[in-house]
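Undergrad: One structure coming up, written as C-alpha cells, with questions to follow.
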Amino acid sequence: MQESSLLSQAVQDIKSVNPIHGKKLDKSLGEMDERYFSKAEQFLSKYESYASTQGKDMRYGIESYLTMLDGMLGEYVHFMRTDEYRCKSSADAYASVYSDPTVMEPYMHGLLFSQILWKHHYKIYEFFTSSIAGYRGRVDNYLEIGGGHGLYLSEAINTLGSDARYTMVDISESSLQMAKTFVTDGDVDFVLSDINDYAPNEKFDFISMGEVLEHVDDPKALLETLAGLLSDDGTVFVTTPTNAPAIDHIYLFRNEAEIDKLITDSGFRIKDKIGIFSEDVNKDVGEKNKIAMLYGAFLERA
C-alpha cells in the first residue's frame with residue numbers, strides 16, 4: 001500500500017482514533033491483491049469528489065465510519081448477551097433510523113466506507129461486479145431495492161451500459177438523496193417508497209437487493225414481492241448477513257442454511273452463491289461462535 005495513497009491515509013486516520021480496529025484493517029489489507037488497491041483508490045477518489053459536492057470531506061466519511069463502529073459494538077454486546085437483535089420491527093427501524101437524517105446520513109457514509117474496508121463486504125462486491133458483466137446485453141430494465149449509497153447501482157450502470165433503464169426504490173429520503181449525488185453514471189428513476197407499495201408498469205430483467213432482508217419483519221414475503229416484479233427469465237442478486245447486529249437489523253439469520261431454505265421456500269433457485277465470514281474462520285467455527293457472515297447469491301425462478 002503506497003504511503004501517499006488515499007487508502008493509506010484513511011487507514012492511518014482510523015488507526016489514530018481506534019488502534020485496535022486499525023490492526024484488524026492492517027491484517028485484512030495485507031491479504032489483498034493489486035486489483036483491490038486499485039479499486040480502493042478509485043472508490044476513495046470518487047467518494048472525495050462526491051463529499052466535496054456536499055460540503056464535506058474525507059474526514060467526515062472517516063468520522064462517520066468510526067461512529068458506526070461504536071454503534072455496532074454496542075449492538076454486538078447486546079447480541080452476545082441476549083442472543084437477539086435489539087431492534088424489533090421495521091416500524092422501529094424507520095422511526096429511529098431511516099426517517100431521521102441526523103442518524104441516517106452519517107450511517108450511510110460509514111456503510112459506504114465499509115464496502116472497501118471490510119474484507120467480507122469487498123469480496124461480495126467483487127462477486128457482484130465480476131458476475132454482472134455476463135448480463136451485458138440481456139438487461140433492458142434494472143431495479144435496485146434499498147440501494148442506500150448507490151455503489152452497486154453505479155457499478156451496474158458502468159457495466160450494463162446506458163441502453164438499460166434503471167430504477168432505485170428506497171424507503172429512506174436520506175439514502176435517495178445520497179445516491180442521487182453519488183451515482184453520476186447514468187439516468188436513474190429514484191423512487192421514495194416501501195417496495196411492497198411500489199407498483200411499476202413493467203417487470204424487471206435484473207433486480208439487486210443488497211442487505212435488505214435482515215431489515216424487514218418478514219423476509220419471505222419480501223422475496224415473494226421480488227418474484228412478482230421479476231420478468232420470466234430475470235435474475236435477482238441478493239445479499240444478507242448472519243449474526244450481524246446493527247442499529248437497524250431486525251431479522252436474525254443464524255447460518256447459511258437458513259438463508260438457502262428461505263430462498264427456495266420463496267420460489268427461487270440459487271444459480272450461484274458465496275458466503276464470506278468477517279473473520280478468518282472456517283464455516284463450523286464461524287457458525288458455532290456466531291461470527292458475522294455476508295451471504296450473496298444470484299437467483300432465478302424455480
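Undergrad: Return the pair list, or none, for Cβ contacts closer than 9 Å from residues in segment 221-237 that are within 16 Å of GLY146 (Cα to Cα) and of a type in the set (Ser, Thr, Tyr) to residues that are open to solvent by 10 Å² or more (accessible area, probe 1.4 Å) and at pLDDT below 95, at least 6 apart or on different chains.
TA: THR225/ILE195; THR225/ASN196; THR225/TYR198
Undergrad: What about GLU41, is it under 25 Å from VAL183 (Cα atoms), modelled with pLDDT of 95 or more and open to solvent by 20 Å² or more (accessible area, probe 1.4 Å)? Spell out how you get there, then give the answer.
TA: Values: under 25 Å from VAL183 (Cα atoms): yes; modelled with pLDDT of 95 or more: no; open to solvent by 20 Å² or more (accessible area, probe 1.4 Å): yes.
Against the criterion (under 25 Å from VAL183 (Cα atoms), modelled with pLDDT of 95 or more and open to solvent by 20 Å² or more (accessible area, probe 1.4 Å)), GLU41 does not qualify.
Undergrad: Which residues, taken from segment 18-38, are assigned to a helix (DSSP H, G or I) and surrounded by 14 or more Cβ atoms within 10 Å (Cβ to Cβ)? It would help to see each step written out before you state the result.
TA: Step one: of segment 18-38, the residues assigned to a helix (DSSP H, G or I) are 19-29, 34-38.
Listed by number, the residues that qualify are HIS21, GLY22, LYS24, LEU25, SER28, LEU29, TYR36, PHE37.
Undergrad: Next question, about the same structure. Looking at segment 49-91 only, could you name the residues that are closer than 18 Å to VAL11 by Cα, touching a residue at least 12 places away in the same chain (Cβ under 8 Å), within 20 Å of the chain's Cα centre (by Cα) and open to solvent by 80 Å² or more (accessible area, probe 1.4 Å)?
TA: Once the filter is applied, which keeps residues that are closer than 18 Å to VAL11 by Cα, touching a residue at least 12 places away in the same chain (Cβ under 8 Å), within 20 Å of the chain's Cα centre (by Cα) and open to solvent by 80 Å² or more (accessible area, probe 1.4 Å), segment 49-91 yields GLU63, THR67.
Undergrad: Conditions first: (1) touching a residue at least 60 places away in the same chain (Cβ under 8 Å); (2) more than 28 Å from ASP194 (Cβ to Cβ); (3) not polar (S, T, N, Q). ILE124 passes all but one, so which condition is the exception?
TA: (2)
Undergrad: Does THR181 qualify as being of a type in the set (S, T, N, Q) and either in contact with a Gly (Cβ under 8 Å, 6 or more places away or on another chain) or closer than 30 Å to THR82 by Cα (or both)?
TA: Values: of a type in the set (S, T, N, Q): yes; either in contact with a Gly (Cβ under 8 Å, 6 or more places away or on another chain) or closer than 30 Å to THR82 by Cα (or both): no.
So THR181 fails the test.
Undergrad: Those residues that are in contact with an Asp or Glu (Cβ under 9 Å, 6 or more places away or on another chain), among the acidic types (Asp, Glu) and part of a loop (DSSP other than H, G, I, E, B), I need them from segment 261-302; list them, please.
TA: Result: ASP280, single match.
Undergrad: Return the residues of segment 140-150 that are touching a residue at least 40 places away in the same chain (Cβ under 8 Å) and either crowded, with 23+ Cβ neighbours inside 10 Å or not acidic (Asp, Glu) (or both); say none if nothing qualifies.
TA: Step one: of segment 140-150, the residues touching a residue at least 40 places away in the same chain (Cβ under 8 Å) are 140-149.
Selection gives ASN141, TYR142, LEU143, GLU144, ILE145, GLY146, GLY147, GLY148, HIS149.
Undergrad: Also, quick follow-up: Among the residues that make up segment 234-251, is at least one of them closer than 19 Å to PHE128 by Cα, of a type in the set (D, E, K, R) and either modelled with pLDDT of 95 or more or open to solvent by 10 Å² or more (accessible area, probe 1.4 Å) (or both)?
TA: Checked segment 234-251: no residue is closer than 19 Å to PHE128 by Cα, of a type in the set (D, E, K, R) and either modelled with pLDDT of 95 or more or open to solvent by 10 Å² or more (accessible area, probe 1.4 Å) (or both).
Undergrad: Has segment 271-279 got any residue that is in contact with a Leu (Cβ under 8 Å, 6 or more places away or on another chain), more than 21 Å from LEU252 (Cβ to Cβ) and not hydroxyl-bearing (Ser, Thr, Tyr)?
TA: Looking through segment 271-279, at least one residue is in contact with a Leu (Cβ under 8 Å, 6 or more places away or on another chain), more than 21 Å from LEU252 (Cβ to Cβ) and not hydroxyl-bearing (Ser, Thr, Tyr).
Undergrad: Ok, one more. Of the conditions (1) under 17 Å from the mean Cα position of the chain (by Cα); (2) polar (S, T, N, Q); (3) open to solvent by 10 Å² or more (accessible area, probe 1.4 Å), SER193 fails just one. Which one is it?
TA: Unmet for SER193, out of (1) under 17 Å from the mean Cα position of the chain (by Cα); (2) polar (S, T, N, Q); (3) open to solvent by 10 Å² or more (accessible area, probe 1.4 Å): (1).
Undergrad: For the list (1) surrounded by fewer than 16 Cβ atoms within 10 Å (Cβ to Cβ); (2) under 18 Å from the mean Cα position of the chain (by Cα), I need the number of the one condition that PHE127 fails.
TA: (1)
Undergrad: Answer with yes or no whether SER64 is modelled with pLDDT of 95 or more, in contact with a helix residue (DSSP H, G or I) (Cβ under 8 Å, 6 or more places away or on another chain) and among the polar types (S, T, N, Q). Reasoning before the result, please.
TA: Details: modelled with pLDDT of 95 or more: yes; in contact with a helix residue (DSSP H, G or I) (Cβ under 8 Å, 6 or more places away or on another chain): yes; among the polar types (S, T, N, Q): yes.
Here the answer is yes, as SER64 does meet what is asked.
Undergrad: Among the residues of segment 196-224, count how many are of a type in the set (Asp, Glu), farther than 24 Å from ILE250 by Cβ and crowded, with 21+ Cβ neighbours inside 10 Å.
TA: Step one: list which residues in segment 196-224 are of a type in the set (Asp, Glu), which gives 197, 202, 205, 211, 214, 217-218, 224.
Filter once more, keeping what is farther than 24 Å from ILE250 by Cβ: 202, 205.
Keeping just the survivors that are crowded, with 21+ Cβ neighbours inside 10 Å gives 205.
Total meeting the criteria: 1.
Undergrad: With respect to ASN255, determine if the residue is closer than 25 Å to TYR122 by Cβ, touching a strand residue (DSSP E or B) at 6+ places or on another chain (Cβ under 7 Å) and modelled with pLDDT of 95 or more.
TA: Details: closer than 25 Å to TYR122 by Cβ: yes; touching a strand residue (DSSP E or B) at 6+ places or on another chain (Cβ under 7 Å): yes; modelled with pLDDT of 95 or more: yes.
Considered against the rule, which asks whether it is closer than 25 Å to TYR122 by Cβ, touching a strand residue (DSSP E or B) at 6+ places or on another chain (Cβ under 7 Å) and modelled with pLDDT of 95 or more, ASN255 comes out as yes.
Undergrad: A follow-up question, please. Every residue in segment 256-268 that is polar (S, T, N, Q) and open to solvent by 40 Å² or more (accessible area, probe 1.4 Å), please. Give the steps one after another, and end with the answer.
TA: In the first step, residues of segment 256-268 are kept if they are polar (S, T, N, Q); the result is 264, 266.
The answer is THR264, and nothing else.
Undergrad: Identify the residue in segment 155-190 that is crowded, with 21+ Cβ neighbours inside 10 Å and touching a residue at least 60 places away in the same chain (Cβ under 8 Å) and, among all such residues, is nearest to ALA227 (Cα to Cα).
TA: It comes out as ILE171.
The values are calculated or read from the model by the stated rules, or taken from the named source; none is laboratory data. In this text, all values refer to a predicted model and were calculated from it rather than measured experimentally. Please note: Cβ atoms are built from the backbone with ideal geometry, for glycine as well, and neighbour counts cover all protein chains shown. Heavy atoms of the whole protein, side chains included, go into the accessibility calculation; ligands, DNA and RNA do not. Shrake-Rupley method; radii C 1.70, N 1.55, O 1.52, S 1.80 Å.
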